[in-house]
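Taken together, the values in this text are just the output of simple stated rules run on the coordinates, not laboratory data. Just so it is clear, the model here is predicted, and its values are computed rather than measured. Cβ coordinates were reconstructed from backbone atoms using ideal geometry, including for glycine residues, and neighbour counts include every protein chain displayed.
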Amino acid sequence: MPLRSMTGFAQVRGQVSAQLAFALSLKAVNHRFLDIHFRLPSDTDSLEMKLRRILKEKMARGHVEVILNLDRSGMNGVALNRQLIAGYVQAFRAAADEFGVHGEPDLNVVLRMPGAMDAGAERSGQELEAAVMAKAEEAISGLNEMREEEGRSINTELRARMAGVEKAAAGVEAHRATVLRSYSDRLQSRIQELLGTQVEKERVLQEVAVLVDRSDIQEELVRLNAHVKHFIGLLDQGGEVGKKMDFLLQEMNREANTLLSKTSGLAGEALKITEMGLLMKSEIEKSREQVQNLE
């Protein structure tokens, strides 16, 4: 499945009858989970349940707003239960003939009978549900097409960001030896200054070597490059990978922070590592902004 954004919009229109039309709109934005909200006409609980079920099958994450607007411009405003009214009129006349009573049924009385003006609306509701469900697949497909199109744009940008992180990491690696020498020289100078000649030089060098080793950034670079490769693998995989990408970016940011903390306070050529470390963090942060919108 291709990479998808959680943002999109789609609308379909349909006709229930000559008197009734509708427009079904789907609007999606980013959300941690699948969160579906409905704005439907009253007495459409069954339709809502069916739409919810199909949306859960087709989408994994996002805040989705489902709006159904009805156009009754072709209707006369009255829905008659013709079968009920006809039955009442026939019964009235049959009773009049049987008992020899003269008269005609009162239409005002007929229309006040329970159900005289409801059954037509009920049939219309059933027809509306069928018509909307027939168009629901088209609406969801249109929404996902837009989300996939935006997903392709995000995919392209994220690959460029990861290339920037890799380039910065390579630059840091190129200056790693300089950093180690700078750190070693600074430590030796400071220790000699504090201790003078009271401690053997070999002992001082051993302690310096231990401290420099602890300050080495090789492990951070290895982990950072591994995270980048994993991230690109998720881009190739596609589908619902937004949460995994967000976690990886948090780990990358942690490695960049550790790298910067280990190299703080160094001067000369070592300052370039700080510049490249800040560039890494910038690329990672911009990537997180994009990943927040991925399914």
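Taking the number of other C-beta atoms within 10 Å as the exposure measure, put LEU294, LEU26, LEU248 in order starting with the fewest.
Ordered by Cβ neighbours within 10 Å, fewest first: LEU248, LEU26, LEU294.
Can you spot the lysines whose alpha carbon is less than 17 Å from LYS135's alpha carbon? Ignore those fewer than 8 places along the same chain.
LYS27, LYS50, LYS56, LYS58
Using the Cβ atoms and a cut-off under 10 Å, what net charge is assigned to the surroundings of GLY242, where Lys and Arg are +1 and Asp and Glu are -1?
Summing Lys and Arg as +1 and Asp and Glu as -1 gives +2.
Which of the peptides 7-17, 87-97 is most tightly packed, and how do the rest follow, going by the mean number of other Cβ atoms within 10 Å of each residue?
The packing order, highest mean first, is 7-17, 87-97.
Per residue, what volume in Å³ does the Cα convex hull of region 11-56 take up?
Convex hull of Cα atoms, per residue: 89 Å³.
Which net charge results when you count Lys and Arg as +1 and Asp and Glu as -1 among the other residues whose beta-carbon is under 11 Å from that of VAL64?
+4
Lysines within cross-link reach of LYS229: Cα-Cα under 18 Å, excluding same-chain residues under 8 positions apart?
Answer for LYS229, where 18 Å is the Cα cut-off: LYS167, LYS243, LYS244, LYS281, LYS286, listed by chain and number.
How much net charge surrounds GLU137 when only other residues with a Cβ under 15 Å from its Cβ are counted (Lys, Arg +1; Asp, Glu -1)?
With Lys, Arg at +1 and Asp, Glu at -1, the net is +3.
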